[in-house]
Amino acid sequence: MIQNIPLERILFLDIETVPQSGSWNELSETEQYLWDKKTKFQRKEDVSAEQFYERAGIMAEFGKIICITIGMLEKNETLKIKSFSGHDEKKILQDFGEIFNSPRLRDVILCAHNGKEFDFPWIARRYLINGMQPPSPFQMFGKKPWEIPHLDTMELWKFGDYKSFVSLELLAHVFGIPTPKDDIDGSMVSSIYYIEKDLQRIVDYCEKDVLTLANIFRRMRQEDLLKRNINLD
């Protein structure tokens, strides 16, 4: 039962991703060809590869991470939050990876919304692409399912119903949690990053998602909401 999991062991996590390039024309011919080939059966007949490129931010082979936000609960019921962000993805991953050298995170449990399908594999793939090994909590090869330290609030909500999908925003609503989408949502991240060049706005959005994620998990445990979040040093 999730009520038996020590909350101080859980690392709540969310990432924000964008296409590797700001526009289709910045891609090489090889990249354009590979994108066209990969997305051929995902696109409607009247949608070109160029038009579909705005979705490159959801594919690890064609996107990059611009923000990773983590949150951990302190014994005084405070969620402490830290964000790793910037334009240098390799630096983001290096800095993020260093936190797993802490003795406290030796037996950490990762938690994200749709993390098993998106956040966790995305992070692992981008580590490899950047020439680094993923931190141990993201390495799954050779492990039995119960040995993988991953929690996923979407999976918890499914209760075995594999056809079900629920957004973080909808779960927040049904549990009476303030929406994290009061400023922007995921569909706006790429344009805010490349056109408005407002990275801090994206970081703020990612931090709201992590606070919401933690509160959804607490609601699933029949616990009170967290009322504060404090940036870690």
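The values are calculated or read from the model by the stated rules, or taken from the named source; none is laboratory data. These figures come from a predicted structure and were not determined experimentally. In this analysis, Cβ positions are derived from the backbone assuming ideal geometry, glycine residues included, and neighbour counts consider all displayed protein chains.
Consider region 195-229. How many of its residues are in contact with a Cys (Cβ under 8 Å, 6 or more places away or on another chain) and closer than 14 Å to VAL18 by Cα?
4
Considering only region 176-184, I want to know if a residue exists there that is buried (at least 17 other Cβ atoms within 10 Å of the Cβ), in contact with a Leu (Cβ under 8 Å, 6 or more places away or on another chain) and either of a type outside the set (Ser, Thr, Tyr) or in a helix (DSSP H, G or I) (or both).
yes
Hey, can you tell me all the residues within region 192-224 that are more than 19 Å from the chain's Cα centre (by Cα) and under 16 Å from MET154 (Cα atoms)?
ARG219, MET220, ARG221
Hey, does region 51-68 have a residue that's aromatic (Phe, Trp, Tyr) and exposed (fewer than 14 other Cβ atoms within 10 Å of the Cβ)?
No, because not a single residue in region 51-68 is aromatic (Phe, Trp, Tyr) and exposed (fewer than 14 other Cβ atoms within 10 Å of the Cβ).
Would you pick out the residues in region 74-88 that are out of contact with any Phe, Trp or Tyr (no Cβ under 8 Å at 6 or more places or on another chain) and either among the aromatic types (Phe, Trp, Tyr) or touching a residue at least 12 places away in the same chain (Cβ under 8 Å) (or both)?
Once the filter is applied, which keeps residues that are out of contact with any Phe, Trp or Tyr (no Cβ under 8 Å at 6 or more places or on another chain) and either among the aromatic types (Phe, Trp, Tyr) or touching a residue at least 12 places away in the same chain (Cβ under 8 Å) (or both), region 74-88 yields GLU74, LYS75, GLU77, THR78, LYS80, ILE81, LYS82, SER83, SER85, GLY86, HIS87.
Return the total of residues in region 130-142 being under 18 Å from LYS64 (Cα atoms) and either among the polar types (S, T, N, Q) or surrounded by 14 or more Cβ atoms within 10 Å (Cβ to Cβ) (or both).
Residues in region 130-142 being under 18 Å from LYS64 (Cα atoms) and either among the polar types (S, T, N, Q) or surrounded by 14 or more Cβ atoms within 10 Å (Cβ to Cβ) (or both): 5 in total.
Being in contact with a strand residue (DSSP E or B) (Cβ under 6 Å, 6 or more places away or on another chain), among the aromatic types (Phe, Trp, Tyr) and within 17 Å of HIS150 (Cβ to Cβ) is the filter here, so list the residues in region 68-115 that pass it.
Matches in region 68-115: PHE96 only.
Does region 150-164 contain any residue that is among the acidic types (Asp, Glu), closer than 15 Å to ASP107 by Cβ and free of Cβ contacts under 8 Å to residues at least 60 places away in the same chain?
Within region 150-164, none of the residues are among the acidic types (Asp, Glu), closer than 15 Å to ASP107 by Cβ and free of Cβ contacts under 8 Å to residues at least 60 places away in the same chain.
How many of the residues in region 113-163 are assigned to a loop (DSSP other than H, G, I, E, B) and among the aromatic types (Phe, Trp, Tyr)?
4
Any idea which of LYS37, LYS80, LYS44 is at pLDDT below 95 and out of contact with any Leu (no Cβ under 9 Å at 6 or more places or on another chain)?
Unique residue meeting the criteria: LYS44.
Count, please, the residues in region 9-59 that happen to be in contact with a strand residue (DSSP E or B) (Cβ under 6 Å, 6 or more places away or on another chain) and not in a loop (DSSP other than H, G, I, E, B).
13
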